[in-house]
1. Extent of the range B:2-170 along each principal axis, from alpha carbon coordinates, in Å, largest to smallest?
2. Sorted from fewest to most neighbouring beta carbons within 10 Å, what does the list B:Lys175, B:Lys428, B:Lys190 look like?
3. HN-Hα J couplings of the range B:382-395 from phi, Karplus 6.51/-1.76/1.60, θ = phi - 60°, integer Hz, Gly and Pro as x?
4. May I ask what percent, to the nearest 5, of DSSP beta bridges between residues of chain B are antiparallel?
5. Counting each pair of different Cα atoms once, what's the Kirkwood radius of the range B:190-353 in Å, rounded to one decimal?
6. Between the range B:91-155 and the range B:1-68, how far is it from one alpha carbon centroid to the other, in angstrom?
7. Which pairs in the list B:Lys190/B:Lys322; B:Lys66/B:Lys326; B:Lys381/B:Lys524; B:Lys381/B:Lys428 are over 19 Å apart, alpha-carbon to alpha-carbon?
8. Note down the Stokes-Einstein diffusion coefficient of the range B:508-567 in µm²/s, whole number, using a Kirkwood radius over alpha carbon pairs, 25 °C, and 0.890 mPa s.
Amino acid sequence: MNNFNHYYDSETTRQVISVIVMNEHNVLSRIVGLFSARGYNIDSLTVAPIEGSQYSRMTIVTTGEQRVIDQIVKQLNKLIPVLKVNEHKNVIEKDTVLMKFSVDNNLSDIDVITRAYHGSIQNVTDDTIVVAATDSSHRIMNFIKVMQKFNPLEVVRSGIVAMER
Amino acid sequence: MKMTGAKMVVEALHQEGVETVFGYPGGAIMNVYDEIYKQTNFKHILNRHEQSSIIAAEGYARATGKTGVAIVTSGPGFTNAVTGLADAYMDSIPLVVISGQVPTTIIGTDGFQEIDAVGISRPCTKHNYLVNRIEDLPKILKEAFHIASTGRPGPVHVDIPKDITAEVADFEYPKEVDLPTYKPTVNYNKKQLKKAMNAIANAKKPLLYIGGGAILSNCAYEIRELAEKLNIPAVETLMARGVMDDKNPLFFGMLGMHGEYAANMAAYETDLLISLGARFDDRVTGRLDEFASKAEVIHIDIDPTSIAKLVRPDYPIVGDLKVTVKAMLEASNDLEINDFSNWVELLRDYREQEPLRFIDSDTVIKPQWAVKRIGELLDDKAIISTDVGQHQMWAAQFYPFSFPRQWCTSGGLGTMGFGLPAAMGVAKALEDTDKVSVNITGDGSILMNIQELTTCVEYNIPVINVILNNNYLGMVRQWQTMFYENRLSETDLSSQPDFVKLVEAFGGLGYRVSTKEEFDAAIKDAVEKKKPAMIDVVVARNEDVLPMVPNGHALNEMTLLTGGDNE
């Protein structure tokens with residue numbers, strides 16, 4: 001018999017999953033509860049209704065061994081309000097970040113770097129400036145790292161949305 | 001037709017053909033109970049604890065295959081019911097459990113007897129609903145029964161706020177369910193089945209590993225036919241007892257932690273494990289990477305998540321077991337199948353070498369003897385329920401089961417307190433037959449739902465409780481002896497009630513027996529009188545359940561009984 005220890009390489013992989021669910025009471029807690037009850041990871045989760053339908057799309061980024069990811073997909077499918085689960089192989093992923101800085105920084109440096117990450121200045125007050133950037137997830141992480149030198153006052157990330165190519 | 005939400009509930013139960021409902025009223029569910037009072041379509045049994053209502057409904061469902069129904073109130077009524085829900089969930093028992101909830105206007109304000117019921121029941125039900133609008137109620141009730149009983153069965157919980165049960169709306173009970181998101185796979189993949197059948201045809205030591213799914217999909221007789229037609233030996237999990245008939249020469253016992261030597265050796269040596277509705281539970285497999293390590297695996301299950309959860313099968317087949325086994329029978333007509341008689345002979349040798357046995361005594365009743373004796377006295381007349389612990393394993397090992405649904409036990413969750421209410425549900429379900437509902441229990445477990453003796457007496461439900469009384473929390477005591485250097489931490493139950501007086505106080509029949517003659521007389525008397533009864537059997541105190549595969553060991557590494565003569 002095949003034991004998993006021998007079968008799958010136990011390397012952890014990152015997987016983007018989109019789940020089409022009925023828009024109903026409790027559905028988010030069902031999904032999140034499934035992950036926590038079975039010890040699966042959620043690295044990112046976004047939800048929004050699908051236009052003109054009774055469904056919503058959830059985009060979940062998870063990491064785990066292939067065996068675990070297979071189970072996650074099957075367990076999600078088993079939930080009654082879940083219509084469809086897509087395990088994405090080849091996707092465009094976008095993540096958005098909002099960052100707030102003090103205006104005492106060098107604003108032109110902030111502007112240049114933000115534009116390099118497809119972002120722009122969103123708002124300026126007497127004290128603070130807010131920039132936003134949307135890009136692939138790892139570029140957004142880079143962006144946040146680079147911007148640390150301006151001592152951000154606040155960082156808000158949206159989580160990942162994804163679409164198959 | 002216009003009616004209140006409460007009337008809708010009663011009407012829906014009627015239209016679903018429900019005959020018996022178990023439950024307990026309270027504030028938030030009173031509107032429904034008022035309608036129950038006014039109707040005559042189903043009988044309501046008033047348990048004395050909500051946990052028992054759910055478990056009694058389970059007993060009813062396990063005995064009949066129908067969906068069990070229970071009704072409880074909000075708050076503590078519901079939280080008491082949770083153990084029953086979890087029990088049904090783990091063993092895939094179809095139930096619809098309806099709970100009252102505080103009015104929608106109060107929800108979220110920490111109202112009296114308010115608790116987030118659907119939040120609690122979510123991980124221990126197949127599905128659950130909080131009814132927000134009266135318009136949704138008929139559809140939700142219809143869906144609840146549909147979801148509970150189809151695919152892999154399970155409990156469905158419907159939480160109904162009190163204002164919804166009071167509100168009036170149009171009632172039309174849907175004829176059909178249309179759930180675009182719920183379509184269980186019934187039909188097996190034909191290509192996979194063909195491959196699996198070829199593997200069977202060419203195997204040398206195939207083994208049918210039968211699980212509770214065989215009971216749930218009502219295909220015991222098809223499986224027997226498959227075994228006999230192809231001459232394949234079979235073993236059962238705890239949940240599958242009764243599928244094969246213990247007298248069947250191709251049956252080699254229960255496997256697992258307390259499995260029979262031949263059954264565990266069969267699993268160890270097989271080269272093709274054919275899993276029929278089983279799920280590779282840790283109590284069955286022992287050390288997982290050694291389980292059936294020489295075998296390819298065919299895994300047939302209606303639930304895709306059961307497949308490749310713990311072992312990766314070579315031939316995964318998702319489908320209803322009955323449909324699939326029938327197809328296997330048919331497909332076998334066109335195949336030249338190996339002769340497995342040497343393999344069957346080998347297992348017979350194993351059985352002869354090391355049969356399931358115990359060392360009997362003339363001076364004291366051995367618990368195994370008591371189980372065996374009930375089998376001799378009542379045989380296929382009894383439906384056996386159990387609680388959880390040593391007595392449960394002895395019952396599984398030594399009772400001569402001969403048909404499916406003769407056995408009613410808490411397998412997955414292992415709920416002490418299960419036996420009495422479950423046996424009550426069984427007795428209620430089979431009240432028009434000549435079957436006797438027997439609860440084999442322990443002195444620890446029986447006290448966990450003892451109040452149900454009142455229910456049994458009130459409705460004259462003739463459950464015979466046989467307490468294998470060793471004054472210990474026996475299974476834990478056994479582990480303490482074996483693995484904790486005999487430090488008996490909190491397992492000595494010497495302080496206990498006078499069970500005879502206790503059952504008499506409830507209005508039932510009480511017996512205390514310490515000899516074999518007294519035992520026989522008590523069983524016969526209780527069966528004859530057809531009244532709720534409790535037989536307190538003083539048994540040998542330090543008996544262990546054997547064989548035993550210690551935790552983390554492979555199935556072939558059994559601790560066996562030593563001494564005595566092989567019977």
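All of the numbers you see were taken from the coordinates with simple rules; none came from a lab. Since the model is a prediction, treat every value here as computed from it, not as a measurement. Backbone-built Cβ (ideal geometry, glycine too); neighbour counts: all protein chains shown.
1. Principal extents (Cα only, largest first): 38, 32, 30 Å.
2. B:Lys175, B:Lys190, B:Lys428
3. Going residue by residue, I get 9, 9, 9, 9, 9, 8, 10, x, 4, 4, 5, 5, 5, 5 Hz, with x marking Gly and Pro.
4. 5
5. Working: mean 1/r = 0.0655 Å⁻¹.
Value: 15.3 Å, from the Cα pair sum.
6. Taking the Cα centre of each part, the range B:91-155 and the range B:1-68 sit 14 Å apart.
7. Values: B:Lys190/B:Lys322 15 Å; B:Lys66/B:Lys326 22 Å; B:Lys381/B:Lys524 13 Å; B:Lys381/B:Lys428 15 Å.
Beyond 19 Å between Cα atoms: B:Lys66/B:Lys326.
8. On the way: Rh = 14.7 Å.
Here the translational diffusion coefficient equals 167 µm²/s.
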